[in-house]
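Comments concern the structure below.
Derivation of every value follows stated rules applied to the coordinates shown; laboratory data play no part. All of these numbers come straight from a predicted model, not from anything done at the bench. Note: ideal-geometry Cβ built from the backbone for every residue, glycine included; neighbour counts use all protein chains shown.
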Amino acid sequence: MRIAATTTAAKSERLPQPGNPPRRKRARGSRGLRSSMGARGGELRPGFCPEPLCGACGARGEPLRDGPRVGAGRRKRCSAPEAMMSFEWPWQYSFPPFFTLQPNVDTRQKQLTAWCSLALSYCRLNKLYTMTVAEAQESPLFNNWKLQRKLPLESIIVVLEELRKKGNLEWLDKNKSSFLIMWRRPEEWGKLIYQWVSKNGLTNSVFTLYELSNGDDTENEEFHGLEESMLLRALQALQQDHKAEIITLDDGRGVKFF
């Protein structure tokens with residue numbers, strides 16, 4: 001910003017010329033603010049967070065390690081998944097005390113219910129099935145960089161255990177360092193798969209696991225891209241209902257539907 005001269009001429013206000021609208025004075029620092037506000041303040045360069053205050057990446061206002069100069073500073077490239085740009089965070093996510101589990105039993109239970117709901121919605125939107133605790137700890141799910149608040153590790157474990165009690169999570173190792181999160185339970189996935197089989201007249205057909213989860217025929221189905229660990233659990237649920245049998249093929253495992 002240019003430093004104004006201290007002369008009397010510089011201090012005097014200029015009268016607008018006939019036919020020209022008067023100029024508005026720009027507020028101090030407005031250039032940097034407009035540039036950092038994304039769609040509200042003008043066009044934002046491609047590849048950078050479009051949110052004026054991104055709750056997922058906290059891009060605006062941070063000292064910027066990378067990315068081109070924007071306005072008076074630099075803007076950090078958004079580290080959040082693209083899908084998170086359309087994710088509607090619940091109101092609690094913008095409430096700092098939400099990131100501290102409260103000692104009061106009733107309040108704490110309400111917090112845990114809200115955290116479980118948020119975790120399932122987050123993983124469903126991003127199609128996450130398996131995670132490590134370390135990955136969860138660093139994800140936007142438990143970190144609000146805009147508020148500079150994060151759920152402590154011990155509280156994250158409490159939330160994950162609550163999900164396990166509800167049947168939405170399974171630990172994958174004895175050390176509880178990785179887990180399978182079930183925003184849709186195996187029997188629910190099995191039902192969706194069997195509906196597709198019945199609708200297309202594919203009973204008595206044999207599929208490899210890859211064909212089911214990644215084949216062209218299932219591209220428009222909800223279970224397309226389903227991780228193998230979850231797919232196997234879904235097929236096991238169907239096997240218990242005598243609707244399918246998991247078999248061994250030359251190139252791996254497969255399934256036959258009845």
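Can you put Ser177, Ser213 in order of Cβ neighbours within 10 angstrom, beginning with the fewest? Could the numbers behind the result be given before it?
Numbers: Ser177 11, Ser213 20.
By the 10 Å Cβ count, ascending, the order reads Ser177, Ser213.
Pairs from the list Lys166/Lys199; Lys127/Lys256; Lys150/Lys174; Lys110/Lys191 with a Cα-Cα gap above 28 Å: Lys166/Lys199; Lys110/Lys191. Each peptide in 180-193, 153-166 receives the mean, over its residues, of other Cβ atoms within 10 Å, and ordering these scores from highest gives 180-193, 153-166.
To the nearest 0.05, what FRET efficiency results for Arg253 and Leu125 with a Förster distance of 30 Å applied to their C-beta separation? Spell out each step's value before the answer.
Working: r = 29 Å, r/R0 = 0.97.
Result of the calculation: an efficiency of 0.55.
Close amide-amide hydrogen proximity is noted between Ala244 and Gln239, Phe258, each under 5 Å apart and 5 or more residues distant or on a separate chain (H modeled in the peptide plane; Pro and chain starts excluded).
When Lys and Arg each count +1 and Asp and Glu each count -1, what net charge do the other residues less than 10 Å away from Ser94, Cβ to Cβ, add up to? Value of the local net charge: +2.
Put a dot 7 Å past the Cα of Asn220, heading toward its Cβ, do the same for Glu154, and the two dots end up 5.2 nm apart.
Between Glu245 and Trp171, the C-beta separation translates, for a Förster distance of 35 Å, into a calculated FRET efficiency of about 0.80.
Ranking request for peptides 127-139, 198-210: highest mean number of other beta-carbon atoms within 10 Å first, then the rest in descending order.
Order by mean packing, descending: 127-139, 198-210.
When peptides 98-104, 234-240, 221-227 are ranked by their average number of other Cβ atoms within 10 Å per residue, the highest-first order is 234-240, 221-227, 98-104. In this simple spin-label approximation, Val206 and Asn104 carry label points 7 Å from Cα along the Cα→Cβ vector, and these lie 6.2 nm apart.
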